[in-house]
Structures are given as structure tokens and as C-alpha cells.
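The structure under discussion appears below in the form of C-alpha cells.
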Amino acid sequence: MTILDCTLRDGGYYTNWDFEDEVVQTYIHNLNALPIDYIELGYRNKPQSEYLGQFGYCPVSTLQHIRSISEKKIAIMLNEKDCHPEDLDLLLNPIKGLVDMVRLAVDPKNFDRAVVLAKAVKQMGFEVAFNTMYMSTWADLDNFYPKLSQLDGIVDWFCMVDSFGSMTPELVKTTTQEVRMHTKVRLGFHGHNNLQLALINTLTAMEQGVEFADATILGMGRGAGNLNVELLMTYLNKHQNLQVDFNRLGEVIQVFEPLRQKCNWGTNLPYMLSGANSIPQKEVMAWVQNRVYSFNNIVRALDNRKAGLQDNAKYPIYKVKRKNKQVIIIGGGASVQQHVEAIKVLIKSTDTAIVFATSRFTELFADIKCDKFFILVGNEGKRLESKIGNIPFADTCILPPYPRKMGTDVPKCAEGHTYELGNISVIGKYEDSCTVIALQLANQLSSKTIYVVGYDGYSGVALTEKEITLNKENKEIFELYKRNTGNELVSLLPSLYTELKVESIYSKQ
């Protein structure tokens, strides 16, 4: 069994292909003493419009350094969809003698085009691996298996990639047998761990004569991750007498453990569902990392996708019955609780509608009689339900326009009081932001004055990633609102958002 470790390449989806020098040094040093045949360092890419770290480009200087300290064969990957034969002079000529194998990430729909690229790479003197994605879909593609004969005499390895993590041992067995009927190229397998089947699928592939397996340290990789190197080696040590220095294996695991705790890769319910239903990990990974979406949101979106639905519910479009003299949008900042009595006084002083961008402080205003609106985005439906309990609901819930990307969740008690917006015009982006929906509604409710409270901002340097993201998002939302409407948003409580005009709520009383 030939083993390829692709931790830096596949794990780069969590770190933007940046790894600390100490991590890389420890990784290379210890893999030298382990039964690994190839190390796949990362991608060779043409310049991109977004930031990619060191192993997103694998510059010559990096490859020279790794080559000088590594005793293993070195591989890099090209994304076939972004690479053409005329690009190879730029991408591959400078790394001749530094890299042993070039792996091509191939969409099976681009098979014929990829064969042309593989020929060109092979002529440059590299070993070539044809990493063909979406293994679970091959049987549904027209004429896919017969095309595999084109690879004979061109590529060194045909690697079967379980992109969705949806393969089962039986499917691996039958697919491998079908592949073997159409090509003489040596076979490899790259498993994803959505359904926790990466190990058994790899072992099944081995039983069917597959000679090449991909794995990563601690299973680090896009979405649900890959087969753990340490798991594969422990199994092969026990059952096939593979010689493993477990002290060295432990050292490399130890240096990646802080990254695992920070990035939190591995399977979870959304990844399991995406695997079971062959939905791309890249999309689900973005959902999981989005600060707005809960697991319930993601599961609902996956259920809708499985059923072929744009959304699971549609509600009447909200039509303003009357204009209010002023609107107060209530955010989730702690200042709301501190100044709640002053906010109540202001609400009572004139015709006011309050818009809860979050239901966090719902109960503080339960005794106030005025027009109340609750924005239902992300997990706010569940939060509102927990706040209301058995209290009869007579206010209004507002949803983003149909269809909602993550589906619709409305508390049962609010079913007869829920509407959706017809469009979003005040911002033009962040349509899954509670603040954007609140601003759109507020603009419809009042032609005069819109205030915000509870948008305190974040102080200090020890911010979480979600706090940093929310802070940046809100700053842009406030800027866009002013630019698009010509109106300045006024915060009546202290705020660190310089994009807001700050006035004192006590000056209004």
C-alpha cells in the first residue's frame, strides 16, 4: 500500500493554506521516520483575486526548502478547471526536480479536456495522478467508465475521490470492479469522513486491489475531513505488520492538535446529511462556518435541497398599514438592559414601532403597548419561541424575501402573525443579516426617524472570530445604508461603531 499524506493541501481549506513554520518543520521531520511514501504540499495556482497562503501557491523557494529536509516524494495538485496546457510553462517548468508527482483534480464532466492536460504534464517528466472527483455520481454519467481506457499509458495513478463522503463499502467494491474493467492504470482512493466510513471504505478499496491511499494527520481536511493517517497506520500495524514509530506519529499529532481545536474540522450532523445526499462539502462548510446559521438551519436547508424545494414555506408579503413617527431597532448589546427604562420612556412619548433585530431582550418590553416586530433570520425563530413560552402572541414576525436560502422556521404561536418582505433595497447584500432585514422594515414603517439601540460594538483585542465577522459586517451595513438612502442612522446609546451618529437617549426626554 502506497500512502500519500495530504494534510497541508487538504487541511489548507481551514487555514487558507498558511501554516506556521514550526508546524511544517515538525510535520516534515516526523514524516521522514514514518511509512509515508508521498507528501502532497499544496496547490500550484496562477495568481488569484483572493488571498491564498504559502501552500496555495507552493512557490519555488518553499519547494526548495521542503525538498532539502524531506526524504519523501513530493506531490502538488493542479485544479484542472483553472489550468490549461499553455499554463504549464509557468506552473511546472520552475519546479522540475523539486516535485515528483503532479495530481490533477478533475471533474468527471471535464474528463476529455483533463486527458489532454495529463498528457502535457506527463511529457514534462512528472508522475501524474488523475484525481477524479464525485465518485458516487460516476454510474449516472453517460459513457464515463469506457473513457477510462484513455488513461492507459498516460497517467500513473487513477485516484477515486469520494468528494461527498457518501460512498459505502459495497459501492466502493462495485465501483472499483467497474473501473478495473476499463483501465490498467494503478488505482488510488481518497475518502471523506462525512459518514465516518473513510477507514472501512479505504480498507475495502485495498481488498479490491487499490494500491494507493490518501490520508491526513488527525483527518484534517475540507468539511468533514479525511481518513486519519494515525488510524490507518494503527490498523495496518496491527493487521499487516506495517512498521510504525508511534512516538514520531504522536509528535506530529501533537503539533496539529491546537489547529484541530481552533478549526474544529470533522463530521457533524450537517456533514453527515450532505454526505448521505451527495451535496458538495464546500457549500456545507461555508454554512457551518457562518455565524448566523445553526445546525437546525443547515439541516432544514439540506432537507429542502433533498426534496427539490426552493424553500419549505411561503408567507404573505408584509404591507404597511400605517406609518409610525419613529422606529427603534433593538439589537443585542448589553446597553439595552442597562438603559431599558429610558428606552421605554421614549417609546411611550410618541407613536413608536420597535423592531427586534434579535429576540434577546423581548421580555424587557413585554409590558409596553406599541407596534412590535420580530425579525426571523437564522435561529431567531427558536429564540423567540423560547422567550414567549405560553404567552399569547399578538405581534408581527418578519421574514426575508422568498425563497430563503436556509429555509423557513416560524414558531407555531406566530403562524398567523408572520409575513415576509417583498424585496431588500436598502443595502443590496447581507440578506441573511437580522440588521439588514430590520433596516428594510424600519424604512417602510417610518418616513421620519429611525433610531438604533443595542449596537454597542466590540472593545478589546481578544475577540472571537464570530465577533470580528459581525463587527466588520455591521460596519459595512451602516455605511451602505447611509450611502444608499441618504439617511444617517442614529444610536441613542453608546456605540463603538463610528458609522453611526450617536445621540443621548436622555436628550430626547
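The values are calculated or read from the model by the stated rules, or taken from the named source; none is laboratory data. Not measured: the values here are computed from a predicted model. All Cβ positions, even for glycine, are placed from backbone atoms using ideal geometry, and neighbour counts span all protein chains on display. Note: accessible area is taken over every heavy atom of the protein model, side chains too, but ligands, DNA and RNA are not part of it. Shrake-Rupley method; radii C 1.70, N 1.55, O 1.52, S 1.80 Å.
Using a 1.4 angstrom probe with every protein chain in place, what is the largest-first accessible-area order of HIS84, HIS182, HIS192?
HIS84, HIS182, HIS192
Going from the alpha-carbon gyration tensor of the stretch 45-140, what semi-axes, largest first and in whole Å, does one get by taking the root of 5 times each eigenvalue?
Listed largest to smallest, the semi-axes of the stretch 45-140 are 24, 15, 14 Å.
Once Rh is set to the Kirkwood radius over Cα pairs, what Stokes-Einstein translational diffusion coefficient, in µm²/s, holds for the chain at a temperature of 25 °C and a viscosity of 0.890 mPa s?
Reported coefficient: 95 µm²/s.
For LYS501, what charge total do you get from the other residues with a beta carbon under 13 Å from its beta carbon, if Lys and Arg give +1 and Asp and Glu give -1?
Around LYS501, the charge tally is -3.
List the lysines whose Cα sits under 16 Å from the Cα of LYS323, skipping any in the same chain fewer than 8 residues away.
Leaving aside lysines fewer than 8 places away in the same chain, those within reach of LYS323 are LYS372, LYS448.
Please compute the per residue accessible area over the chain with all protein chains in place, 1.4 Å probe, rounded to a whole number of Å².
Per-residue value: 44 Å².
With each run of n ≥ 4 DSSP H residues scored as -39500 (n - 2.57), what mean residue ellipticity at 222 nm is computed for the chain after dividing by its residue count and rounding to the nearest 500 deg cm²/dmol?
Calculated from helices alone, the mean residue ellipticity at 222 nm is -11000 deg cm²/dmol.
Counting only C-alpha contacts under 8 Å and six or more residues apart, can you give the relative contact order of the stretch 1-92 as a whole percent?
33 percent
Could you give the size of the charge dipole of the chain about its Cα centre, using +1 on the Cβ of each K and R and -1 on the Cβ of each D and E, expressed in debye and rounded to the nearest 20?
1740 debye
So how tilted is helix 295-307 from the main axis of the chain? Cα-based, degrees 0 to 90, rounded to 10.
Around 70 degrees separate the two axes.
Based on the Kirkwood radius over alpha-carbon pairs, what is the Stokes-Einstein translational diffusion coefficient of the stretch 377-509 at 37 °C with 0.692 mPa s viscosity, in µm²/s?
Roughly 200 µm²/s, to the nearest whole number.
Please compute the net charge surrounding TYR451, taking Lys and Arg as +1 and Asp and Glu as -1 over other residues with Cβ under 9 Å from its Cβ.
Value of the local net charge: 0.
For the stretch 396-445 and the stretch 124-158, what is the centre-to-centre distance using only Cα atoms, to the nearest Å?
Between the Cα centre of the stretch 396-445 and that of the stretch 124-158, the gap is 47 Å.
Counting alpha carbon pairs within less than 8 Å and at least 6 residues apart, what relative contact order, in whole percent, applies to the chain?
Across the chain, relative contact order equals 11 percent.
Nearest 10 degrees, 0 to 90: what angle lies between the long axis of helix 60-69 and the longest principal axis of the chain (Cα atoms)?
Once rounded, the angle reads 60 degrees.
Which percent of the accessible area of the chain is formed by carbon and sulfur heavy atoms (probe 1.4 angstrom)?
Carbon and sulfur together cover 48 percent of it.
In a shell of Cβ-Cβ distance under 14 Å around HIS84, excluding HIS84 itself, what net charge do Lys and Arg (+1) and Asp and Glu (-1) give?
The answer is -1.
Please state the charge dipole magnitude for the stretch 52-171, taken about the Cα centre, from unit charges on C-beta atoms (+1 on K and R, -1 on D and E), reported in debye and rounded to the nearest 20.
Its charge dipole is roughly 360 debye.
Please get the size of the charge dipole for the stretch 380-509, origin at its Cα centre, with Cβ charges of +1 on Lys and Arg and -1 on Asp and Glu, quoted in debye to the nearest 20.
140 debye
Keeping to pairs on different chains or 8 or more places apart, tell me how many lysine pairs in the stretch 111-240 have Cα atoms under 26 Å apart.
Final tally of qualifying lysine pairs is 8.
Once the Cα atoms of helix 340-349 and of the chain are each reduced to a long axis, what angle between those two axes, in degrees from 0 to 90 to the nearest 10, is obtained?
50 degrees
How long is the gain from ILE468 to HIS65 if the chain were fully straight, where each residue apart is worth 0.36 nm and the alpha carbon distance is subtracted?
Fully extending the segment from ILE468 to HIS65 adds 141.6 nm.
Report the accessible area of SER425, computed with a 1.4 Å probe over the heavy atoms of all protein chains in place, in Å² rounded to the nearest 10.
80 Å²
At q = 0.13, 0.16, 0.23 Å⁻¹, what log₁₀ I(q)/I(0) does the stretch 259-359 have when each alpha carbon counts as one equal point scatterer in the Debye sum?
For the stretch 259-359 at q = 0.13, 0.16, 0.23 Å⁻¹, log10 I(q)/I(0) is -0.75, -0.85, -1.18.
Tell me the Kirkwood radius of the stretch 84-168: reciprocal of the mean inverse pair distance over distinct alpha-carbon atoms, in Å.
Evaluated over the stretch 84-168, this radius sits at 13.6 Å.
Give the longest segment of the chain that steers clear of GluC sites (Glu not before Pro) in DSSP loops with at most 16 neighbouring Cβ atoms within 10 Å, not counting the sites themselves.
Formally, the longest exposed-site-free interval is 212-487.
Which residue, chosen from TYR235, LEU199, MET272, occupies the Cα position most advanced towards the positive end of the dipole of the stretch 189-278, where the dipole is computed from +1 (Lys, Arg) and -1 (Asp, Glu) charges on Cβ about the Cα centre?
My answer, from the dipole projection, is MET272.
For the stretch 359-451, with the dipole built from +1 on Lys and Arg beta-carbon atoms and -1 on Asp and Glu ones, taken about the Cα centre, which of ALA442, CYS413, LEU399 lies farthest toward the positive end?
ALA442
Going down the list LYS282/LYS319; LYS314/LYS508; LYS321/LYS344, which pairs span over 30 Å between their C-alpha atoms?
LYS282/LYS319; LYS314/LYS508
Just going by the charge dipole of the stretch 58-144, with Lys and Arg at +1 and Asp and Glu at -1 on Cβ, which of GLN123, LEU78, LEU63 is farthest out on the positive end?
Among GLN123, LEU78, LEU63, the one farthest towards the positive end of the dipole of the stretch 58-144 is LEU63.
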